[in-house]
Every structure is written in C-alpha cells, then in structure tokens.
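To start, the structure itself, in structure tokens.
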Amino acid sequence: GDYENSSLRITDYKTGKVEKIHPMGTNKIFGEGITILNNKIYQLTWESHLVYVYDINDITKPIKTFNWPYDGWGITSNGTDLIISDGTANLYFVDPENFKVKTTISVQTDKGPLDSINELEYINGFVHANVYSKNYIVKIDPSSGHVVGVMNFNNLLQATEIIPDRTDYFNGIAYDSASSIIFVTGKRWPKLFEIRLN
C-alpha cells in the first residue's frame, strides 16, 4: 500500500496474475496489513485510524468499518483474537467483534523492548514479525512477548534484482497452514519466496 495506490487484491501467487482488485487508497488512506478470521478480511490503514472489514467472498466494498486509536501496521490472528502492531514494541490482542483491546504485550529481547514491529503472521502458536527496515523476522512467544528466535533474510533479493526508486523494505510474511509453506517478500519486490521451517 501507499496513499492513492493502495488496493486489496486476490492474486494467483504462482503466476502473479491479479484475479480481483479493490482500489481503496486515497490521498488520506494508506492501506496496511490484512488478515482473515471467521470468513472476514480485516484491513488496517496506516495513519487514518480506520479498519475495513470485508466478506471473504466479496472484496469490492467493506461490510463494516472500525476506528482504531493507533497507527495500523501489521495484523494477524490466533484463531480467536486479532493481533495488531502499531510500529512500537506493542502487540495488541483485539476482540474482532467490537475492536476493543483485550490485552497488550511488549515484544522483548535480552536487550529490552524491540521497537518497530511491523508485519505479523501467526504460525504454530507463535507470532512471527518483521522489524521495519530490517531483513529479519523474529519469533515471539505471545504469552510473554519474549523473542525466542530470529530468521535472517539478508541477501535474499540480489542487488541485480533491485529496481531503483521502487524496490522497498523487506516486510511480507504469509503462512499456508495446509502446505506448511511460509511466503516472504518485500514492498514492491519483483519476487515472492517460499520457505519451509525444519
């Protein structure tokens, strides 16, 4: 996302073909993280404090809008709660029905709070998070906020693949629980990478 050009898309990841698209960006709306829970898609916006909810079978228009008091960065779900980041060290556990914060944890390393938590994905009981502008993903214990692992993705995209003034930071994480494949990419990257964890 960005201002003006943000959109919600359904894409064939094998070919890159966009099958459905809902342009939703404006000069005031910057689309951010999405997640699916109970056949609904929840989409954050960056600075406008709005959350759009779509029926999973129709992305052409939101069925509901919530106000969110913080910046919207990343969002995922543990199957019950939505888990949201706002660019700080905080993770908010949110009731999907009314968007009220149920609890907040601070992401911590052995050096203290880990700031700039960005994109999120819930995988096998842990929250995996990208740290803004960094080429790594941290594995977070959601009960304590403690970082229990780090995956380094330096040099994933080769210098020859970077498009000047277009290729942006590493920040995409998605998990396919059926195949146990994790997809990683970056903003406006020309490639999507598949990885498996041992």
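The values are calculated or read from the model by the stated rules, or taken from the named source; none is laboratory data. Remember, it's a predicted structure, so these values are computed and weren't measured experimentally. Ideal geometry is used to build each Cβ from the backbone, glycine not excepted, and the neighbour counts take in all protein chains shown. Heads up: the accessible areas ignore ligands, DNA and RNA and are worked out on the full protein's heavy atoms, side chains in. Shrake-Rupley method; radii C 1.70, N 1.55, O 1.52, S 1.80 Å.
Anything in the range 106-138 that is among the hydrophobic types (A, V, I, L, M, F, W, C) and in a loop (DSSP other than H, G, I, E, B)? List them, or say none.
Keep residues of the range 106-138 that are among the hydrophobic types (A, V, I, L, M, F, W, C), which gives 107, 114, 117, 120, 123, 126-127, 129, 131, 137-138.
Of everything in the range 106-138, those that are among the hydrophobic types (A, V, I, L, M, F, W, C) and in a loop (DSSP other than H, G, I, E, B) turn out to be V107, L114.
Would you point out the residue of the range 1-27, among those that are of a type in the set (A, V, I, L, M) and under 18 Å from F183 (Cα atoms), that is surrounded by the fewest Cβ atoms within 10 Å (Cβ to Cβ)?
First, the residues of the range 1-27 that are of a type in the set (A, V, I, L, M): 8, 10, 18, 21, 24.
Retained after the next criterion (residues that are under 18 Å from F183 (Cα atoms)): 8, 10, 18.
On the way: L8: 20, I10: 13, V18: 11.
Checking each candidate, the answer is V18.
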- Item | Residues located in the range 71-81, provided they are farther than 15 Å from Q43 by Cβ and open to solvent by 40 Å² or more (accessible area, probe 1.4 Å) | N78, G79, T80
- Result of the Cβ filter at 6 Å on the range 26-51, keeping first residues that are under 11 Å from F66 (Cα atoms) and in a strand (DSSP E or B) and partners that are of a type in the set (A, V, I, L, M, F, W, C) and open to solvent by 60 Å² or more (accessible area, probe 1.4 Å), at least 6 apart or interchain, is Q43/I34
- Note on the structure: For the range 139-164, the count of residues that are touching a residue at least 24 places away in the same chain (Cβ under 8 Å), surrounded by fewer than 13 Cβ atoms within 10 Å (Cβ to Cβ) and not in a loop (DSSP other than H, G, I, E, B) equals 1
- Query: When you scan the range 42-62, how many residues do you find that are crowded, with 22+ Cβ neighbours inside 10 Å and in contact with an Asp or Glu (Cβ under 9 Å, 6 or more places away or on another chain)?
  - Reply: 3
- Residue by residue through the range 165-195, note down the ones that are closer than 19 Å to A129 by Cβ, of a type in the set (D, E, K, R) and assigned to a loop (DSSP other than H, G, I, E, B). D168, K187
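When you look at I84, is it open to solvent by 80 Å² or more (accessible area, probe 1.4 Å), closer than 12 Å to P96 by Cα and in a strand (DSSP E or B), yes or no? Spell out the reasoning first.
Numbers: open to solvent by 80 Å² or more (accessible area, probe 1.4 Å): no; closer than 12 Å to P96 by Cα: yes; in a strand (DSSP E or B): yes.
No; evaluated as a whole, the condition is false for this residue.
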